[in-house]
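Report on one structure; see the data block that follows.
Derivation of every value follows stated rules applied to the coordinates shown; laboratory data play no part. Model, not experiment: these values are computed from the prediction. Using ideal geometry, Cβ is built from the backbone for each residue, glycine included, and neighbour counts are taken over all protein chains shown.
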Amino acid sequence: MPATVSLIVDAAITRIDALDLIARAARSVVTGSGTSLAHVLLADGAVASVDIPKFGEAPPLAIDVTADDDGRARVAADELLLDLTTATDWPITRLY
């Protein structure tokens, strides 16, 4: 059963820019760019997608890491968190 772990980023950034930075940090690409289904493929088949605040809402934005099971989702989220911490100055919190 698919599981999701969220990384919360307290930064003002567009969805397109966030996906681009995630792809670069994870050494991957954005799939479905320009669509509502845009995401970044991660290791072991995990996927990262971005949910931004609605109009008028302040940050944070959520990076949802989804994988086949809870263990894989946690590992993929931890790896992405490390990659993003190295590649950006975003303040990031992990939610399980």
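Take the residues in segment 33-43 that are in a loop (DSSP other than H, G, I, E, B) and not hydrophobic (A, V, I, L, M, F, W, C), then tell me which one is surrounded by the most Cβ atoms within 10 Å (Cβ to Cβ). Of everything passing the filter in segment 33-43, SER33 is surrounded by the most Cβ atoms within 10 Å (Cβ to Cβ). Of these, ASP51, ASP64, ASP68, which one is farther than 12 Å from LEU19 by Cα and charged (D, E, K, R)? On inspection, the qualifying residue turns out to be ASP68. Checking each residue in segment 68-85 for being among the acidic types (Asp, Glu), over 14 Å from the mean Cα position of the chain (by Cα) and either part of a helix (DSSP H, G or I) or buried (at least 17 other Cβ atoms within 10 Å of the Cβ) (or both) picks out only ASP70. None of THR14, THR88 is out of contact with any strand residue (DSSP E or B) (no Cβ under 7 Å at 6 or more places or on another chain), in contact (Cβ under 8 Å) with a residue 12 or more places away in the chain and surrounded by 17 or more Cβ atoms within 10 Å (Cβ to Cβ) except THR88. The condition (being within 20 Å of ALA3 (Cα to Cα), surrounded by 14 or more Cβ atoms within 10 Å (Cβ to Cβ) and free of Cβ contacts under 8 Å to residues at least 40 places away in the same chain) is satisfied by just one residue among VAL65, VAL47, VAL30: VAL47. For segment 13-30, the criterion of being under 13 Å from the mean Cα position of the chain (by Cα) and either of a type in the set (Phe, Trp, Tyr) or in a strand (DSSP E or B) (or both) is met by at least one residue. On the given criteria, is ILE63 within 11 Å of the chain's Cα centre (by Cα) and either part of a helix (DSSP H, G or I) or not β-branched (Val, Ile, Thr) (or both)? Spelling it out, it is not the case that ILE63 is within 11 Å of the chain's Cα centre (by Cα) and either part of a helix (DSSP H, G or I) or not β-branched (Val, Ile, Thr) (or both).
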